[in-house]
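The values are calculated or read from the model by the stated rules, or taken from the named source; none is laboratory data. Keep in mind that this is a model prediction, so the values were computed, not measured. As a convention, Cβ positions derive from the backbone with ideal geometry for all residues, glycine included, and neighbour counts pool all protein chains shown.
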Amino acid sequence: MSDPPVMWLLLSLTSTFAGNLTLFGSMANIIVAQGAQRQAPLRFRDFLWVGVPITLATTVVGMTMLWAFWRWGWV
């Protein structure tokens, strides 16, 4: 690790966004899905169908921004 603070930021970014990947990735996801079960049942596969692209897109954008901030000396 050539720059530990940037690696810590990258770890926190990816671990935070990983909570959106699956229904069980975050306790908030479980609470909301359980509360809405009667009005709009949510299956694990349906959540993955949306969660995977969103997680990949936000992670790529976040990593790009982190890299740009590092290159510009803002981090």
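See the values below:
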quantity	calculated
Filter pass, Asn20 being among the polar types (S, T, N, Q) and closer than 23 Å to Leu66 by Cα	yes
Of residues in segment 16-75 being touching a Phe, Trp or Tyr at 6+ places or on another chain (Cβ under 7 Å) and among the hydrophobic types (A, V, I, L, M, F, W, C), the one farthest from Asp3 (Cα to Cα)	Ile30
Condition check for Gly51: under 10 Å from the mean Cα position of the chain (by Cα) and not charged (D, E, K, R)	yes
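Residue by residue, here is whether (1) surrounded by 10 or more Cβ atoms within 10 Å (Cβ to Cβ); (2) modelled with pLDDT under 90; (3) of a type outside the set (S, T, N, Q) holds:
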residue	(1), (2), (3)
Ser2	no, yes, no
Leu9	yes, no, yes
Arg38	no, no, yes
Thr55	yes, no, no
Thr58	yes, no, no
Met63	yes, no, yes
Ala68	yes, no, yes
